[in-house]
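The values are calculated or read from the model by the stated rules, or taken from the named source; none is laboratory data. If you're wondering where the values come from, they're calculated on a predicted model, not measured in any experiment. A quick note on method: Cβ atoms are made from the backbone with ideal geometry, for glycine too, and the neighbour counts reach across all protein chains shown.
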Amino acid sequence: MDAIRINRDKCIGCGECAADCVSRHIVLEDGRARVNEGSRCIECGHCYAICPVNAVDMPGYDLKGLEGTCPLTEFDPARLLLAMESRRSARRFTAEPVTTEELERILEAGRYCPTGSNAQGVRFIVLREKLAEAEAEAARIFLSSPLTSALLKRGGDEIDRHFFFKGAPAAIVTAGHRDVDPALASSYMELLAGSMGLGVLYSGYFVHAVKQSAKLRELLELPAGIEPVTTLCIGHSDVKYSRRVPRKPPKVLWL
């Protein structure tokens, strides 16, 4: 199946799709756009998004409800930066559940994160019903490791039934062939969750446990070659902050 198709009857020959195509998969011929069969389409969708007459089709993709855009310029930069500086990791959650609709909206933000070469290879695993089972196995892994136990005791941490997820009602594990794409997806999801009034915690300890446990890998249905990168614990935060936290000066080199 072709990654993209161009309706040459609709095409007005503006050339925008060809100019924006990163892999030169679209060329102009006789005043109309056409697919260059000798190149590889990375399925980025730029041609679909830029066409003013909707002459591009992408078979195999869900194209419903994609009309209209919202540029970041619609958000006041000072307010946006203030909101980003105000975010905190949530380590106390209320008993209020996170709905399926809320989690689906958060996952949609992760789906739209940029990925290298538009690979779209990020895997999302939502833990709710198996949250306690996953946490119990992670605790078993940590308690059976002398090195891990020593490090935790040195930091004053104790492994209890809420050690990994802090009582959050849901968690989303991101995984992939490489670290950067799942990490970017997590950042997108965290920002959207915050805008929805939800608290988020990155549980690095749980990722560490998954990498050591064949049982956890099986529970998360992670195939060979796919590694866990982040775990987002998501719930309604039970903490309210009055001010932003201080930060050290940035380490910046201007060249």
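The C-beta contact set for the stretch 1-24 (first residue more than 13 Å from residue 56 (Cα to Cα), second residue in a helix (DSSP H, G or I), distance under 6 angstrom, 6+ apart or interchain) comprises 20/46; 20/50. Note on the stretch 25-49: residues that are basic (Lys, Arg) and either in contact (Cβ under 8 Å) with a residue 60 or more places away in the chain or over 24 Å from residue 114 (Cβ atoms) (or both) total 2. For the stretch 212-232, check the following and say yes or no: at least one residue is at pLDDT 95 or above, assigned by TED's automatic domain parsing to the domain that holds residue 134 and of a type in the set (Lys, Arg). Yes, the stretch 212-232 contains a residue that is at pLDDT 95 or above, assigned by TED's automatic domain parsing to the domain that holds residue 134 and of a type in the set (Lys, Arg). Would you check if residue 83 is outside any strand (DSSP E or B), out of contact with any Phe, Trp or Tyr (no Cβ under 6 Å at 6 or more places or on another chain) and not assigned by TED's automatic domain parsing to the domain that holds residue 196? Against the criterion (outside any strand (DSSP E or B), out of contact with any Phe, Trp or Tyr (no Cβ under 6 Å at 6 or more places or on another chain) and not assigned by TED's automatic domain parsing to the domain that holds residue 196), residue 83 does not qualify. Exactly one residue among 172, 226 is touching a Lys or Arg at 6+ places or on another chain (Cβ under 7 Å) and either closer than 23 Å to residue 109 by Cβ or loosely packed, with under 12 Cβ neighbours inside 10 Å (or both), and that residue is 226.
Taking strands (runs of 3 or more DSSP E) that fall entirely within the stretch 148-251, which contain at least 2 residues that are out of contact with any strand residue (DSSP E or B) (no Cβ under 8 Å at 6 or more places or on another chain) and in contact (Cβ under 8 Å) with a residue 40 or more places away in the chain?
Details: elements: 170-176, 199-202, 227-235.
In the stretch 148-251, no matching strands (runs of 3 or more DSSP E) lie anywhere.
In the condition set (1) modelled with pLDDT under 95; (2) surrounded by 11 or more Cβ atoms within 10 Å (Cβ to Cβ); (3) assigned to a loop (DSSP other than H, G, I, E, B), residue 97 is compliant with all but (1).
Could you list, in sequence order, all residues of the stretch 1-57 that are part of a helix (DSSP H, G or I) and touching a strand residue (DSSP E or B) at 6+ places or on another chain (Cβ under 7 Å)? Lay out the reasoning, then the answer.
So in the stretch 1-57, the residues part of a helix (DSSP H, G or I) come out as 16-20, 46-50.
Those that are part of a helix (DSSP H, G or I) and touching a strand residue (DSSP E or B) at 6+ places or on another chain (Cβ under 7 Å): 17, 18, 47, 48.
Residue pairs whose Cβ atoms lie under 6 Å apart, separated by 6 or more positions or on different chains, with the first residue in the stretch 107-130 and not assigned by TED's automatic domain parsing to the domain that holds residue 43 and part of a loop (DSSP other than H, G, I, E, B) and the second at pLDDT 95 or above and among the polar types (S, T, N, Q), are 122/174.
Evaluate the stretch 162-169: report whether one residue or more is aromatic (Phe, Trp, Tyr) and crowded, with 23+ Cβ neighbours inside 10 Å. Yes, because at least one residue in the stretch 162-169 is aromatic (Phe, Trp, Tyr) and crowded, with 23+ Cβ neighbours inside 10 Å.
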